[in-house]
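The values are calculated or read from the model by the stated rules, or taken from the named source; none is laboratory data. Quick caveat, the model's predicted, so the values are computed rather than measured. Cβ sites come from the backbone with ideal geometry, for glycine too, and all protein chains shown count toward neighbours. To get the accessible areas, we keep the full protein, side chains included, count just its heavy atoms, and leave off ligands, DNA and RNA. Shrake-Rupley method; radii C 1.70, N 1.55, O 1.52, S 1.80 Å.
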Amino acid sequence: MKIGVLALQGAVAEHLRMLEEAGAVAVAVKKVEELDDLDGLVIPGGESTTISKLMHKYGFIEAIRQFGEQKKPIFGTCAGAILLANQINGQDDFHLGLMDIKVERNAFGRQKESFEVTMPVAGVAADYLAVFIRAPYIMEVGENGQVLAKYEDKIVVARNGHYLAAAFHPELTEDTRLHKFFLDMVKEYRS
Ligand code: GLN
């Protein structure tokens, strides 16, 4: 199983390490051609506006839309979840618009810019340590979506078909269970 990590900006190396530890071959993706032989893609955290600009500049918006439309799984974490969403609260536009979720950016306020909390994630772990950094939250999940975790009544992990979104940074701990969950999704869609 070969998984790419979009490597335009953000927490790339950490995702590569976690994916390898979870049992995949992981590669940094800097050019659209590098999407061709991948089974799945991770869009990392960072700054969604910066990553989006670079995605436009290097042709990734169209290329990743095609990737998703081929039912290849995509996992967006933090800024990556914002990039996947088809609605961003307070904005008329979206970036990829692939996943039927509505997100709000920087949702946890100034005093809570970054924090860690242990929470259950359905189908993944009863005690998952989540690291939030200027995190968004998921306000709504579309019809066929599943809510996998909430923190303070806000949705922070959701799945919709072959798309997975987490508001926090799953690559910043030693816990590979959410990456393994994503690899199971990739297996499901490969067969
Ligand atoms: N606040 C960032 C954004 O809106 C996301 C932060 C992150 O990815 N850690 O893009």
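With the full set of protein chains in place, find how many percent of the accessible area of the chain is carbon and sulfur; take the probe as 1.4 Å.
45 percent
So, for the chain, what is the accessible surface per residue at a probe of 1.4 Å, expressed in square angstrom?
Solvent-accessible surface per residue comes out at 45 Å².
Quickly rank 157-170, 126-139 as a protection proxy: mean count of other C-beta atoms within 10 Å, highest first.
157-170, 126-139
Work out the length of the dipole vector of region 70-191 about its Cα centre, built from +1 on the beta-carbon of each Lys and Arg and -1 on the beta-carbon of each Asp and Glu, and round it to the nearest 20 debye.
That gives a dipole near 240 debye.
Starting from the Cα gyration tensor of the chain, take the square roots of the eigenvalues, sort them a ≥ b ≥ c, and report rounded, prolate or oblate (rounded when a/c is under 1.5, otherwise prolate if a/b is larger than b/c, else oblate).
Rounded.
Please list, by residue number, everything in region 161-179 whose backbone N is under 11 Å from a paramagnetic label point 7 Å out along Cα→Cβ of GLU116.
From region 161-179, the list is 172-175.
So what's the gap between the Cα centers of region 1-73 and region 130-184, to the nearest angstrom?
17 Å
Of all beta bridges DSSP finds with both residues in the chain, what is the antiparallel percent, to the nearest 5?
55 percent
Only loop residues by DSSP count here, and only those with at most 15 other Cβ atoms within 10 Å; note down the chymotrypsin sites (Phe, Trp or Tyr not before Pro) in region 36-68 that meet that.
TYR58
Suppose the chain between ASN86 and LYS57 were pulled fully straight at 0.36 nm per residue; how much longer would it get relative to their current alpha carbon spacing?
Length gained between ASN86 and LYS57: 8.4 nm.
Can you classify region 74-154 as rounded, prolate or oblate using the Cα gyration tensor, where a ≥ b ≥ c are the square roots of its eigenvalues, rounded means a/c under 1.5, and otherwise it's prolate if a/b beats b/c and oblate if not?
It is oblate, given that a/c is not under 1.5 and a/b is not larger than b/c.
Among the listed pairs LYS31/LYS102; LYS31/LYS57; LYS53/LYS112, which are separated by more than 21 Å between their Cα atoms?
LYS31/LYS102; LYS53/LYS112
In straight Cα distance, which aspartates and glutamates are under 17 Å from LYS2, not counting same-chain residues fewer than 8 positions off?
Straight-line reach from LYS2, under 17 Å: GLU14, GLU20, GLU21, GLU33, GLU34, ASP36, ASP37, ASP39, ASP184, GLU188.
Could you sort the peptides 15-23, 114-122, 3-11 by per-residue average Cβ neighbour count (10 Å cutoff), highest mean leading?
3-11, 15-23, 114-122
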